[in-house]
């Protein structure tokens, strides 16, 4: 590697947090990374492996926002930036939540206000030019909190490149992003590569990015390893499995609810004509649609939070509904997982049995420390814990899950899909899953798939469209949990 | 409900009038209300006329500016205040510690309305962005900063509250929505931290407002509002 072309270098970086006031927990042990001008680097790793910690350390955010100790160096063009008061303008970071980067509600005002500090009177011109470059000019007159996840992500990248940075760090750029927006984000990354911007991407959902990155690293046990990119690509034929309808009951299932000609609108501009829908016991329904297509609205109609403008929703067999929101952390209310179990099981007819079932399920899912706060669990652990409480407590007969596969790695998705398949087949629970990407659903075994397209519910004609392939998940599990995969960088 | 609250935030969309014209109109309307209220007018008819003219001027200006719908929505809140004021006056009257007659009670209510009416266009007419600008210009930069930080993430917080309330209602039933308090506290802290993160990386955007939008149009609205209320004031007083 030509050392002249290295723009960013991380040397012997060690990061520790103080937990419980005094106990030191080392997250990053000895990180070394060199990024060349125009290079695109992908960093993968399990939930909680320290990817976000590394991203935030590089930009210098960590020691300013959290009680963390940082040792080692992060050199930008040979100058240490870890302890600088402000990050250099040439390095920009877009974190997991893109909405936080906007101060003004009106996007154009926010972007022009930011650009004004660098370009003065030319700010408007620059914002227009950059937004055209990324194909985002149609979003400038919107308010930031009305953007979909994919749109917000793209506009946050637009804000980051206003000052022509040399290094761009993207933390989970594909989180909450539907398949169409994934292509748009890839297009943006390609455009930035063409401008010789060095990009570091931290991502769970990395498969769609493999063709646009130069190098892949694995963050494991606090150390960064370089991976052979080909090891991640699907080199072998996917393991085809016969999709067996494991939830097919021996006799005709009891109908839970039916919807007839349901129409809903928030205002006259957004009308959702969902039409007819039926749900029976032991069914796993998948709603597949773009961001903003109406999936969450549909779940809210089923749960009774919203009332249809016209049409009817009839419950043939009333059962308790449990809901897992897009941010799983919002599901939790107690200070320990154990207290969560107790509170949920208080509502059961058999609290003792409920507690045993949930505890057993949690142990099987790798949640062993029940005295831990649910708020300190990783994203994937929170989803698993919530599903154990919802599915194995026997309190809820219908589960509504809003994007349960987002923000987690491929193996976690495989595990969560397994839980859902099992809940439906063995515990008699019905499940409706809302998802914005096909990729997340390959491990599920649904009874029906519906496409949600601009508020219309269209039953899928091809029940086998979700390729039932577990080879990727198992490969990722092997890389994350197996022996050290490749050379330490 | 909270999600709908978030959508109420952009009520103060672009106005066709410049900031100075809007400040001038709002200030003159407020001054007019104060002068009428403290002029010691005893005649009910005059107070009625003062209130009616004020209301007509506000409605006329806001309907030309396309803000009437928002103003009328905002009036719901105003009527709540007026109603509370009415209760207060009625209570004082019934207990014999306040006004001596029903006319005085009605007059008290009308004067309350007179004072509150010009405040609603202020909420409809000025964006938090413009309020921050004014605060900064009058030397209250810290307060402006606090206002911008607090308001910038408020819509996100409302959306979080809405989602949490819905989730917890289904989890435990409607009586236990208070249980989302841990999550909401945590989320507020995280949003605060997030604001710091955005501030650290990007700083605060420069504020640019249009003090004067269209000279003739701005002057016209200021002249119309001020001349009408001065004439009305003089007619009522004498």
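The values are calculated or read from the model by the stated rules, or taken from the named source; none is laboratory data. Note that the structure is predicted; figures quoted are calculated from it, not measured. As a convention, Cβ positions derive from the backbone with ideal geometry for all residues, glycine included, and neighbour counts pool all protein chains shown.
Worth pointing out:
- Residue in region B:205-215 that is within 7 Å of another protein chain (Cβ to nearest Cβ) and surrounded by 17 or more Cβ atoms within 10 Å (Cβ to Cβ) present: yes
- Out of A:385, A:336, A:297, sole residue that is within 12 Å of chain B (Cβ to nearest Cβ) and crowded, with 18+ Cβ neighbours inside 10 Å: A:297
- Residue in region A:126-137 that is touching a helix residue (DSSP H, G or I) at 6+ places or on another chain (Cβ under 6 Å), more than 7 Å from chain B (Cβ to nearest Cβ) and closer than 21 Å to residue B:210 by Cα present: yes
- The listed residue being more than 9 Å from every other protein chain (Cβ to nearest Cβ), under 28 Å from residue B:83 (Cβ atoms) and in a helix (DSSP H, G or I), out of B:145, B:157, B:115: B:115
- Counting only helices (runs of 4 or more DSSP H) that sit completely within region A:51-164, those holding 3 or more residues that are crowded, with 21+ Cβ neighbours inside 10 Å and touching a residue at least 60 places away in the same chain (Cβ under 8 Å) correspond to A:51-59, A:149-161.
- Filter result for the condition that a residue is farther than 28 Å from residue A:183 by Cβ, in contact with a helix residue (DSSP H, G or I) (Cβ under 6 Å, 6 or more places away or on another chain) and crowded, with 24+ Cβ neighbours inside 10 Å, over A:429, A:424: A:429
- Within region B:33-44, residues that are more than 22 Å from residue B:226 (Cα to Cα) have Cβ atoms under 8 Å from residues that are exposed (fewer than 14 other Cβ atoms within 10 Å of the Cβ) in these pairs: B:44/B:103, counting only partners at least 6 apart in sequence or on another chain.
- Criterion applied to A:174, A:168 was being at pLDDT 90 or above, part of a loop (DSSP other than H, G, I, E, B) and under 21 Å from the mean Cα position of the chain (by Cα), and the one residue passing it is A:174.
- When residue A:418 is tested against (1) more than 20 Å from residue A:291 (Cα to Cα); (2) in contact with a helix residue (DSSP H, G or I) (Cβ under 6 Å, 6 or more places away or on another chain), only condition (2) is not met.
- Note on region B:171-194: residues that are within 10 Å of residue A:100 (Cβ to Cβ) and more than 7 Å from chain A (Cβ to nearest Cβ) amount to 2.
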